1. Could you give the length gained by full extension between PHE172 and THR32, i.e. 0.36 nm per residue of separation minus their alpha carbon distance, to one decimal place?
2. What ³J(HN,Hα) values, in whole Hz, does the Karplus curve 6.51 cos²θ - 1.76 cosθ + 1.60 give for the range 87-96 when θ = phi - 60°, with x put for Gly and Pro?
3. Which cross-chain or sequence-distant (5 or more) residues have an amide H under 5 Å from the amide H of PHE277, H modelled 1.01 Å from N in plane?
4. Mind listing the long-range amide H neighbours of ASP404? Cut-off is under 5 Å, sequence gap 5 or more, other chains count too, H placed in the peptide plane at 1.01 Å from N.
5. Out of residues 5 or more away from ILE298 or on other chains, whose amide H comes under 5 Å of its own, with H placed 1.01 Å from N in the peptide plane?
6. Quick check for you: which residues of the range 322-349 have the amide N under 20 Å from the point 7 Å beyond the Cα of MET278 toward its beta carbon?
7. Arranged from highest to lowest average of other beta-carbon atoms within 10 Å per residue, in what order do the peptides 383-390, 170-177 appear?
8. Whole-Hz ³J(HN,Hα) for each residue in the range 333-343, computed from phi via Karplus 6.51 cos²θ - 1.76 cosθ + 1.60 with θ = phi - 60°, x for glycine and proline: what do you get?
Amino acid sequence: MTSSIASIAPGLRWLIRLRWLSLAGQCLLFATSAYFLHIALPLAVVLPCLAITAGSNLFVTLRGDKLRETECCAALLLLDTLTLSVILYSLGGPHNPFTAFYLLHVTIAAVLLPALWTWIGVVLCSICYALLFLSPYEIKSGLGISCCGSFDFHLQGMLLAMILVGICIAFFVGQLKSALALREVQLQEAMLLGVRNEKFAGLATLAAGVAHELATPLNTIAVISSDLEKQACDQCESSGCLHDAKLIRSEVDRCRAILENLAENTTDKIGENPQSFMLGDIPARLKEFLSPANYSRISAEITEPRLTVFVPSTTLLQALAVLVKNACEADESGRPVILRIETDRERVLATVQDCGPGMTPDVAAHAGEPFFTTKDPGKGMGLGLFLVRMFTERMKGRLRIESDPGRGTRVFMEFPLTA
């Protein structure tokens with residue numbers, strides 16, 4: 001039984017325990033009323049209602065892990081409202097002081113269920129309360145306690161009060177739930193941003209350390225390869241040693257360029273100051289960051305080219321260049337890559353879209369993580385999109401990726417006009 005309860009959704013598990021507690025309380029109350037207050041209870045009504053509550057709770061306890069939480073909670077609260085109404089109808093109707101438990105049902109619905117179900121609960125409890133006025137029963141006690149219909153105006157006021165309080169509970173608890181849900185989302189985003197910042201800091205430290213440690217051996221190799229090249233030239237220009245020496249020298253220069261690019265991308269532009277420039281200048285300024293082949297494939301669409309933004313321009317252009325380069329490499333057919341820049345006077349939305357093979361949802365979910373790449377070995381380190389995401393978030397922006405297999409990829413880069 002314990003393992004069965006543990007596998008149930010938290011909200012439903014909490015409701016089951018509350019119903020067991022309520023059932024125990026009702027049994028204790030009825031026993032006290034019958035034996036100490038000598039109130040005549042309609043057992044033919046009370047016992048089936050208690051049995052229905054116990055049976056439904058036992059069923060959900062055993063099968064709750066296979067039931068949908070929202071629908072199951074709504075069904076249990078509906079059943080509880082109806083059984084409560086039947087018991088109250090047989091025990092004094094609106095005169096019974098336990099009509100206040102309708103508000104408990106409304107509160108539980110507001111906490112566990114969506115807003116629509118909560119308002120349905122308010123309407124249902126109000127209708128059930130109103131139907132209690134049709135009850136012909138009175139509470140008769142052997143101690144001389146009796147409730148009759150002499151407080152009709154007062155009871156009608158209680159009905160109105162119950163409806164108004166139920167509406168207030170549904171509204172304010174609903175607002176509180178929305179605020180808490182928003183706060184939870186913001187907290188998760190802040191935690192995710194903190195993790196990314198830690199990764200970025202670690203990457204920057206790694207890049208600086210690698211560049212420092214490899215600088216000396218690369219310089220040594222460069223000097224030795226130059227000497228070999230001179231010796232090969234003195235011996236015979238057609239010697240294979242000359243070709244090998246030149247190859248070594250070119251590979252050393254390539255390693256230096258990779259290290260310089262890694263260090264520059266991860267450290268040099270972090271503290272860049274914002275600059276003013278117009279959105280319409282972006283396509284032209286991208287030329288210095290892209291190869292001629294990739295730059296020629298850009299199809300730019302700018303809604304407000306004369307609008308001025310105040311952001312770190314070099315960082316922004318490098319980020320857009322990374323997105324365009326990735327799009328060109330994803331679609332090798334040579335078709336245009338769409339660069340669309342829109343604005344709502346507060347934020348800028350830059351979209352880069354390609355017509356490549358796209359990505360599966362699993363791959364798209366990991367895109368942007370450090371050292372994750374779908375490119376062939378040697379063609380990418382998996383850092384470009386990660387750095388773009390980090391730079392965008394540092395500008396208080398957001399990076400979003402949409403991709404469908406066979407339908408291309410769309411990368412949305414959103415950032416404020418002033419960062």
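Here, each number is a calculation from the coordinates, and none is a lab measurement. Nothing here was measured: the structure is a model prediction, and the numbers come from that model. Because the Cβ atoms are built from the backbone with ideal geometry, glycine has one as well, and the counts that use them run over all protein chains shown.
1. Details: separation 140, 0.36 × 140 = 50.40 nm, distance 3.62 nm.
Extra length from PHE172 to THR32 when fully extended: 46.8 nm.
2. 5, 5, 4, 8, 10, x, x, x, 6, 5
3. Under 5 Å from the amide H of PHE277 lie the amide H atoms of VAL309, VAL311, each far enough along the sequence or on another chain.
4. Excluding prolines and chain starts, which carry no amide H, the hits are MET359.
5. HN-HN under 5 Å from ILE298: VAL337.
6. Only 339-349 fall inside the zone, counting backbone N under 20 Å.
7. Values: 383-390: 22.1, 170-177: 15.5.
For the peptides 383-390, 170-177, the packing ranking is 383-390, 170-177.
8. Once θ is set to phi - 60°, the couplings for the range 333-343 become 6, x, 5, x, 9, 7, 10, 10, 10, 10, 8 Hz.
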